Amino acid sequence: MLLSEEGRLVAPNPSMLAALGPEDLARIRAHGRSVSYGRGELILRQGARHDGIALIERGLVRSFYAAPQGREITLAYWRPGAFVGGPDVFGGGRHIWAAEAARPTDVLQLPGAGLRALAREVPDLALGIIDALSYKALCYSSLAQMLGTRSLGERLAQVLLHMMQVHGVSDDDPAKGVAVAASFTHAEIAALIGATRQWVTISLNRLQRDGALSQKRGVIRILKPETIVALAAGGGAR
C-alpha cells in the first residue's frame, strides 16, 4: 500500500525470486539469513550503513523517512514478495530512510557483497532485482507526484480507495458497503499522506456524517465509493 494514483501500482510486485528454480533458490537461501521481527521493531535504520536487502516472507513492513525535527512520513507498506533496502541493493553508503515491521514479520536478509556475486551467476535473480527496483522507482515517483500536486483531502480519498481495493471485503448486503479488512490507525494514515492525526480524525468523521463511510471498532466501511472517487479526483475535497 502506498500513496499513488497509478492503479497498476496497487497490486504488490512479484517476488524477485519468483522465476528461480529449486537449485537457485537453495543457493540464495544459503547465502541469506532468516530473521523475525515483532511489531514496531526496526529492520533498517535511517543513516545506518547500507549492506544488502531484506526480502519480506511474512508480515508487513512500513518504510518511512524521519525529518531532523522528528516528523515522519510513511513511504509505503510492503507485503511478502517485496524487499526493503534499496536503492543500493549491493551495499555501500547509508540508508536514506528506515523500515520497521508493521506486524510480526519474517525476512530473508541478503548481504550485499554476496548478492552481487550471485546476480552475476544467476540471470533470473539479476532480472528479478531489476524488475523490483523498477517497481519501486514507479512507486516513489508516483508518491512524489501525489505529495506535490494533490491536496490533503484528495490524498486521503486516494488512500481510502487503495485500502478498499487492496483490503476490501464486500458484504452480502450492498447497503453495508465494503469493509476494509486491515487495521490502519488515524496516525498511520496521517503519516502516509503527510497530515496530522487530528486532521485525519476530523476528515473521516466528516465523511461519516456525510454517509460516505462508517467507522466502528477500528473498522472502516466504504458506503459510497462514488463519493470517495469524486473526492480523489478533486471534486470538493477539503
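The values are calculated or read from the model by the stated rules, or taken from the named source; none is laboratory data. Predicted model, so just to flag it, every value in this text is computed and none were measured. Note that we place each Cβ from the backbone using ideal geometry, even for glycine, and neighbour counts take in every protein chain shown. Just the protein is used for accessible areas: all its heavy atoms, side chains included, with ligands, DNA and RNA removed. Shrake-Rupley method; radii C 1.70, N 1.55, O 1.52, S 1.80 Å.
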**Prompt:** For G92, are the conditions met, namely being small (G, A, S) and at pLDDT 90 or above?
**Reply:** no
**Message:** Taking the criterion of being over 28 Å from A182 (Cβ atoms) and touching a helix residue (DSSP H, G or I) at 6+ places or on another chain (Cβ under 8 Å), would at least one residue in the range 68-88 satisfy it?
**Reply:** yes
**Message:** Criterion first (assigned to a strand (DSSP E or B), under 30 Å from I202 (Cβ atoms) and either in contact (Cβ under 8 Å) with a residue 40 or more places away in the chain or not hydrophobic (A, V, I, L, M, F, W, C) (or both)) does E154 satisfy it?
**Reply:** no
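Pick from R150, R206, R217, R221: which is at positive phi and either in contact with a helix residue (DSSP H, G or I) (Cβ under 7 Å, 6 or more places away or on another chain) or not β-branched (V, I, T) (or both)?
Answer to the check: R217.
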**Whichever residue in the range 103-145 is closer than 30 Å to F184 by Cα, not polar (S, T, N, Q) and not in a helix (DSSP H, G or I) and, among such residues, is farthest from the chain's Cα centre (by Cα)** = L110
**Item:** Selection count, the range 75-89, where residues are part of a strand (DSSP E or B) and touching a Gly at 6+ places or on another chain (Cβ under 9 Å)
**Value:** 1
**Prompt:** Taking only pairs six or more apart or across chains, which ones have beta-carbon atoms under 8 Å, a first residue in the range 37-58 that is touching a residue at least 24 places away in the same chain (Cβ under 8 Å), and a second residue that is of a type in the set (S, T, N, Q) and open to solvent by 70 Å² or more (accessible area, probe 1.4 Å)?
**Reply:** E57/S34
**Asked** If you go through the range 172-213, how many residues are open to solvent by 70 Å² or more (accessible area, probe 1.4 Å), more than 19 Å from W78 (Cα to Cα) and at pLDDT below 85?
**Response** 4
**Message:** Suppose we filter the range 89-102 for residues that are within 17 Å of the chain's Cα centre (by Cα) and surrounded by fewer than 16 Cβ atoms within 10 Å (Cβ to Cβ); how many remain?
**Reply:** 1
**Message:** Condition first: under 22 Å from G32 (Cα atoms), free of Cβ contacts under 8 Å to residues at least 40 places away in the same chain, in contact with a Phe, Trp or Tyr (Cβ under 7 Å, 6 or more places away or on another chain) and open to solvent by 30 Å² or more (accessible area, probe 1.4 Å). Can you find one or more residues in the range 116-132 that meet it?
**Reply:** yes
**Asked** How many residues are within 12 Å of E100 (Cβ to Cβ), open to solvent by 30 Å² or more (accessible area, probe 1.4 Å) and in a loop (DSSP other than H, G, I, E, B) when one looks only at the range 33-51?
**Response** 5
**Asked** How many of the residues making up the range 183-224 are free of Cβ contacts under 8 Å to residues at least 12 places away in the same chain, charged (D, E, K, R) and assigned to a loop (DSSP other than H, G, I, E, B)?
**Response** 1
**Asked** Under the condition of being crowded, with 22+ Cβ neighbours inside 10 Å and within 13 Å of the chain's Cα centre (by Cα), which residue from the range 52-73 is farthest from H186 (Cα to Cα)?
**Response** I56
